[in-house]
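The values are calculated or read from the model by the stated rules, or taken from the named source; none is laboratory data. Here the structure is a predicted model, which is why all the values come from computation and not from measurement. Please note: Cβ atoms are built from the backbone with ideal geometry, for glycine as well, and neighbour counts cover all protein chains shown. Areas reflect the complete protein model, heavy atoms only, side chains present, ligands, DNA and RNA absent. Shrake-Rupley method; radii C 1.70, N 1.55, O 1.52, S 1.80 Å.
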Amino acid sequence: MSGCPGSRTIDFSEKTNQEGSETGKRPSQLRQWPIQLHLVSPMAPYFQGKDILLAADCTAFAFGEFHKDYLKGKSIAIACPKLDSDQEVYVEKIKSLIDDAKINTLSVIIMQVPCCFGLAQIAKDGAEKASRKIPVKQIVVGLEGNILSEEWI
Amino acid sequence: MLKVLNREIKEIINTYPEVGRILEEYGIGCVPCTVGSCLLKDVVGIHNLGPQKEATLMYRIEKAIYPDRKISEPVVDMTTQSAPKKITYSPPVKKLVDEHVLIKRLLALIPSIAEYTESSLRVDKNLILSCVDFIRTYADKYHHMKEEDILFKYVDEKAEIIQVMYKDHDTGRGYVRQAVEGAEKNNKTQVKENLLAYRDLLTQHIKKEDEILYPWIDRQLSTTQVGEMFRKCNAADASVGDELPKKYEKFIIELEEKFLQEVTK
Ligand SMILES: [Fe+2]
Ligand SMILES: [Fe+2]
């Protein structure tokens, strides 16, 4: 295997349909719109004083319990550190979320592929530029939808 | 077994000393604990041993208490076993762990200070009172108050482990009062004994907090609570000002210089 692990083709269709139940409704935990980091304004009321989830685009598809375990009770912004342009704007927005929206915490959820750690870096850069300090957490999702790590950084 | 789980650990160890030995093997130091009123189930739960270790430990305890019973050895699925985790603290708790470092630097100097007191003609009152000022202001007012007023409020304050922590803080304050009295009365033995007792107490206390209590509290905190506690601790720090921790760090550095010289002299 060679090439970028972020775009390498892997098929685990044999493994995905393991245990877990199909019964019961899972309501959406999304409480806002828009959600894309370029589209959201740090001034939006749904960010003020909140716990924020900064999610790499792919995580919501990879991790089955995304709504219940991570989105619930939080406001969200999503981005892709590999493909999105103008990422300096992202750093400024994170800074503004911390300083102006006075968010409570920032949790960054990313995929395990190396390029995805760029989003954690954006979060760290924004937090460093901010004059307020807040706790920042990093959650890494494996390609097969398992949580590999969750720690405060 | 259910009944035993709800009994106080000291009582169990007194009746079945073998249980104390088994707990020690697992690094659970209940035998020397001064209170020992934690329930067995909490003692095991608080140490976060992981399913494999916990099941084996409970099996061995049950065996020790009921040697005649037929108990089957636990079968734990090794594939679901998680690797032992290194402790990671949330940012506000990490700050408290970092504050322990400066307190431990004073504790490390106490034997030299005690020896120096012993060999001096008179008690060096200024020296003792400056150490007491560090303990009362930095360790107690700055650090212990954040534990008591903020951190402990996030868990059940009636929990035995929290009660033990309160009791340690109080016992420590007693030793300090005694040391001050010794310094006032020029009683070398009283100064020395109380400083050394304070050192033993706080060494154990900090170890319990770093390794058991703080991780236990951290496991119960939600992300929202971590953010809130971080703000409260920062506000508490801001209320005493930036200068306070700097001043006491400088004090410790100077004390280290003085006593390292004493040793090499
Ligand atoms: Fe304490
Ligand atoms: Fe402490």
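Points worth noting:
- Per-region count, the range A:37-63, residues surrounded by 13 or more Cβ atoms within 10 Å (Cβ to Cβ) and under 26 Å from A:Ile147 (Cα atoms): 15
- Single residue of B:Glu73, B:Glu157 found to be open to solvent by 50 Å² or more (accessible area, probe 1.4 Å), at pLDDT below 95, within 15 Å of ligand 1 (Cβ to nearest atom) and in a loop (DSSP other than H, G, I, E, B): B:Glu157
- Every residue from the range B:224-247 that is charged (D, E, K, R) and open to solvent by less than 30 Å² (accessible area, probe 1.4 Å): B:Asp237
- Test for B:Tyr175: is it within 12 Å of ligand 1 (Cβ to nearest atom), more than 14 Å from chain A (Cβ to nearest Cβ) and assigned to a helix (DSSP H, G or I): no
- Put simply, of A:Lys93, A:Lys137 the only residue that is at pLDDT 95 or above and more than 11 Å from chain B (Cβ to nearest Cβ) is A:Lys93.
- Given (1) away from chain B (no Cβ under 14 Å); (2) part of a helix (DSSP H, G or I), number of the condition A:Ile110 does not satisfy: (2)
- Scope the range B:124-141; condition within 12 Å of ligand 1 (Cβ to nearest atom) and either within 14 Å of chain A (Cβ to nearest Cβ) or surrounded by fewer than 20 Cβ atoms within 10 Å (Cβ to Cβ) (or both); matching residues: B:Asp140
- Count of residues meeting criterion [open to solvent by 40 Å² or more (accessible area, probe 1.4 Å), among the basic types (Lys, Arg) and over 25 Å from A:Asp86 (Cβ atoms)] in the range A:110-147: 1
- Counted residues, the range A:140-153 - those being acidic (Asp, Glu), more than 8 Å from chain B (Cβ to nearest Cβ) and assigned to a strand (DSSP E or B): 1
- Among the residues of the range B:142-154, just one is of a type in the set (Lys, Arg) and open to solvent by 30 Å² or more (accessible area, probe 1.4 Å), namely B:Lys153.
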